[in-house]
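K.L.:
This is the structure, below, for whatever I ask next.
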Amino acid sequence: MMKEKRTGFATRIGAIAATVGSAVGLGNIWRFPYQAGENGGGAYILVYLICIVLLGIPIMMSEFIIGRSTHKSMKGAVEQLTPGSPFKYFAYVGVLGALLICGYYSVVCGWVVEYLWSSADGTLLGHTPDQYGKIFETFVGTPQRCVLWTLLFLVLNFLVLSRGIQKGVERMANIMMPLLFVLLIVFCINSLLLPNSGKGMSFLFNIDFDELGWEGVVDAMGQAFMSLSLGVTCLITYSSYFKDENSLMKDAVTISALDTLVAILAGIVIFPAVFSFGLEPGSGPKLIFEILPTIFQQMPGGTIWAVLFFVLLFFASITSTISLSEIPITFMIDEYKISRGKAIIITAVLMTAVAVVSALSFSTLSDVELFDMNIFDFLDYVGPNFFMLLGGLVTAVYVGWILKKEVIHDQLTNGGTRRSRFVQPFIIFCLRYIAPIAIVLIFLFYTGILDAD
Ligand code: PFF
């Protein structure tokens, strides 16, 4: 039986750590600050936090319920839980979403490797804040360099997966994550001590809805899903290895709280510095790559801080790409009964193709536009805002409306051994009503089909 073949995470900490590894990544440190910067700060962050509590945690729990109750990935799990249900076909959408997201995400991982390299060889620091923006643009505008670092990152990613050493990498990440956390706190203090840091803090925490609009609301919702790794079946796959004794609610709350804390800390590192050095908060995906070197440079021992930070960021990123790559790999093994080696090769080829095209979208392919965006920006938009939100909607409807109540009860109470008097009604209410209605309504407003005025 499937259940016997799976070993499960050794301890609750192991299971949580791997899932935190998936959740904490460039989404928190690169994407959250730049999205908050583009959407005016405070109001975006408020909507983001509401989405984490009312949509993110319940949908994370629903992925856990599907995965842990069956110890299978999406398609097999739905076949077992609700034989004949068409919901199983959603697994294909999850796989496609994971391939596209991991493709463009690897490009940003490549940028991290380039910045790690140039910090280590001493060429990164020593410029003015303005110059860092230009240095970044020159770098991404040079096709060979950008593609090379992306490919290098993907080779490392698939080497880890093919040698079956994810566990080792995750164990390393168990050490790196707390370190990253400590480092972020040091950088926060440093940023708060900069002249004019108060402006950055009020940008982050002053709530002004005029700056947001429906587009910003969709962005905040997509970002919440991106950050928690929701909607592409990743957490179904991971929780299929969870042990039966853990409290799913505690796990989901712990993971979401840690993940959110990292994002907020990243914001407190970035924005006081952005305002202090007179940079533009809405400068988009390049934001952290222009502001971080500026921050490191004014710290004593800047090069060491830079190297340390990019090493830790590299680990945070690779634990996320490993979890994204596992989605198509596990799917192909389960669905087509092929070997893990073959599944890895096919996944690697497909992801590399997406990654190369995304890496070239700032240079050779910069003229190719989809809905007024270059390929990279397009994938960075549709990944979270379409694939993940659609996936979250489907998961919420499936667990809230289709799945037998007993399965949910059994998972939330661990077979009746725990109490879940308030949790279960709250989760079911969110899954049945709040999540589907919020996602659909926000989309209708955003697309202008409904008009708020
Ligand atoms: N949550 C990751 C981040 O914030 O960087 C990205 C991610 C990982 C998204 C795994 C989706 C996923 F399945």
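K.L.:
Just to confirm my numbers, what's the Cα centroid distance between region 170-216 and region 243-275 in Å?
P.N.:
Their Cα centres are 12 Å away from one another.
K.L.:
Are any of the pairs Lys88/Lys167; Lys167/Lys286; Lys75/Lys404 more than 22 Å apart by Cα-Cα distance, and if so, which?
P.N.:
The answer is Lys88/Lys167; Lys167/Lys286.
K.L.:
Kindly provide the helix-only [θ] at 222 nm of the chain, computed as the sum of -39,500 (n - 2.57) over DSSP H runs of four or more divided by all residues, to the nearest 500 deg cm²/dmol?
P.N.:
My calculation for the chain gives -22500 deg cm²/dmol from helical runs alone.
K.L.:
Oh, and also: For region 92-169, calculate the relative contact order in percent as a whole number, restricting contacts to Cα pairs under 8 Å that are 6 or more residues apart.
P.N.:
Once normalised by length, the contact order is 41 percent.
K.L.:
Classify region 228-365 as rounded, prolate or oblate, taking a ≥ b ≥ c as the square roots of the eigenvalues of its Cα gyration tensor: rounded when a/c is under 1.5, otherwise prolate if a/b is larger than b/c and oblate if not.
P.N.:
Oblate, since a/c reaches 1.5 and b/c is not below a/b.
K.L.:
Continuing with the same structure: Can you tell me the 0 to 90 degree angle between the C-alpha axis of helix 143-162 and the longest principal axis of the chain, rounded to 10?
P.N.:
Between the helix axis and the principal axis of the chain, the angle is about 30 degrees.
K.L.:
Name the shape class, rounded, prolate or oblate, that the alpha-carbon gyration tensor gives for region 179-278, where a ≥ b ≥ c are the square roots of its eigenvalues, rounded holds for a/c under 1.5, and otherwise prolate holds if a/b is larger than b/c and oblate otherwise.
P.N.:
Oblate, since a/c reaches 1.5 and b/c is not below a/b.
K.L.:
Does region 311-451 classify as rounded, prolate or oblate by the C-alpha gyration tensor (a ≥ b ≥ c root eigenvalues; a/c under 1.5 gives rounded; else a/b over b/c gives prolate, otherwise oblate)?
P.N.:
It is oblate, given that a/c is not under 1.5 and a/b is not larger than b/c.
K.L.:
Next up: Please give the peptides 305-313, 45-53, 176-184, 188-196 ranked by average Cβ packing (other Cβ atoms within 10 Å per residue), highest first, as a rough proxy for protection.
P.N.:
Top to bottom by mean Cβ count within 10 Å: 305-313, 45-53, 176-184, 188-196.
K.L.:
Sorted from fewest to most neighbouring beta carbons within 10 Å, what does the list Thr70, Thr413, Thr330, Thr128 look like?
P.N.:
Sorted ascending by nearby Cβ count, the order is Thr128, Thr413, Thr70, Thr330.
K.L.:
Loop-only chymotrypsin sites (Phe, Trp or Tyr not before Pro) in region 347-446, please: DSSP not H, G, I, E or B, and at most 10 other Cβ atoms within 10 Å.
P.N.:
Sites meeting the loop and neighbour criteria: Phe371, Phe422.
K.L.:
Here's something else I'd like to know. Which aspartates and glutamates have a Cα less than 18 Å from the Cα of Lys342, not counting those fewer than 8 places away in the same chain?
P.N.:
Glu326, Asp334
K.L.:
Which trypsin sites (Lys or Arg not before Pro) in region 127-209 pass both tests, a DSSP loop state and at most 13 other beta-carbon atoms within 10 Å?
P.N.:
Arg163
K.L.:
Another question, then. List the trypsin sites (Lys or Arg not before Pro) within region 349-434 that DSSP assigns to loop and that have no more than 16 neighbouring Cβ atoms inside 10 Å.
P.N.:
Hits after loop and neighbour filter: Lys404, Arg418, Arg419, Arg421.
Values in this text are rule-based calculations from the coordinates and carry no lab data. Given the structure is predicted, the values throughout are model-derived calculations rather than measurements. Cβ sites come from the backbone with ideal geometry, for glycine too, and all protein chains shown count toward neighbours.
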